[in-house]
1. List the residues, sorted by chain then number, that are 5 or more residues from residue 230 or on another chain and whose placed amide H is less than 5 Å from its amide H.
2. Please state the shape class of the range 55-104: rounded when a/c is under 1.5, otherwise prolate if a/b exceeds b/c and oblate if not, all from the C-alpha gyration tensor.
3. Can you bin every Cα-Cα distance in the range 57-151 into 5 Å intervals starting at zero and give me the percent of pairs per bin, rounded to whole numbers?
4. Only Cα pairs under 8 Å and at least 6 apart count here; give the relative contact order of the range 52-197 as a rounded whole percent.
5. Past 27 Å, Cα to Cα: identify those pairs from 71/113; 106/164; 54/113, in the order given.
6. To the nearest 10 square angstrom, how much accessible area does residue 86 have with a 1.4 angstrom probe?
7. Residue by residue through the range 86-102, what is 3J(HN,Hα) from phi via Karplus (6.51 cos²θ - 1.76 cosθ + 1.60, θ = phi - 60°)? Round to whole Hz and write x for glycine and proline.
8. Return one whole number: the accessible area per residue of the range 147-229 in Å², for a 1.4 Å probe.
Amino acid sequence: MRFPKRALLDYILNLLFPVHCVHCHAPVQERRWGGACPECWSSLIRVEPPFCTKCGEPAPAIEGLCGLCIKGEHAFDFARSALLFTRTLRDIIHHLKYSDRVSLAKPLGDILKECLEREAFTGDLIIPVPLHRSRERQRGFNQAELIAERLGRPVAPRLLCRRKNTPSQTGLTRNERKRNLASAFQMRGEVKGRVIVVDDVYTTGSTMHEIARTLKRAGAERVEVLTVARVANEIYRADETDIAAGASITQ
């Protein structure tokens, strides 16, 4: 029996170290899928119009800007997300961040690259949203950096730092989130032109608003936002806000 090299390697690895999907627990036969099965990946829901032309907030009958963008609530210039934050996607992102399933970053990054190439992004430098040094030291990696590495554009992972280890945003109002994040970020150098800020989940935009303010004070001409997931459906909004709320989930 002949196997392609990749299939043979997967076969051997599956015998020695079997992988099961982080969401449905089915066997994952091909390692290119990371820690989730093809069926769960294919069930994810892409964010499609109609949505706000600036921040990308999905809405059933929106034309042009959403109410928050009309009021000038967002300091960034453009934002898009690849996928809706469903429970399946929550499990995938959660296990990436809290169960050391770093293999999930590659397929997530590939999905995000499709969104980057599909939408009207103009930035030529990618800045991952930073973790506070204590949190990154505890986790061992920054998931935004791992995802950004798949996008095929220059990445500046240390240009922006988080100087405040902000408490959880769970349960906070929009204004409380803004106060929580005030002066949370700091530049380690100058920035010019157009940049793309990358993260895993977009909730209310408060984090991206504060980052955009910081980047523009440092000289950025335009700040664009690209995230894997968008919390847009009220069914999921109550569950999500800080994925760490589910950090006790085990495989």
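The values are calculated or read from the model by the stated rules, or taken from the named source; none is laboratory data. What you are looking at is a predicted structure, and each value in this text was computed from that prediction instead of being measured. Side chains are part of the model used for accessible areas, which takes the heavy atoms of the whole protein and leaves out ligands, DNA and RNA. Shrake-Rupley method; radii C 1.70, N 1.55, O 1.52, S 1.80 Å.
1. Here 83, 84, 85, 202 satisfy the definition.
2. Judged from the Cα gyration tensor, the range 55-104 comes out prolate (a/c at least 1.5, a/b above b/c).
3. Going out from 0 Å in 5 Å bins, the range 57-151 shows 2, 11, 17, 21, 18, 16, 10, 4, 1 percent.
4. Values: 165 pairs, mean separation 30.9, N = 146.
It comes to 21 percent, rounded to a whole number.
5. Values: 71/113 30 Å; 106/164 29 Å; 54/113 19 Å.
Going by Cα-Cα distance, 71/113; 106/164 fall outside the 27 Å limit.
6. Counting only protein heavy atoms, the figure is 20 Å².
7. 7, 5, 4, 5, 4, 4, 4, 5, 4, 6, 4, 7, 10, 10, 6, 8, 5
8. Dividing the accessible area of the range 147-229 by its residue count gives 44 Å².
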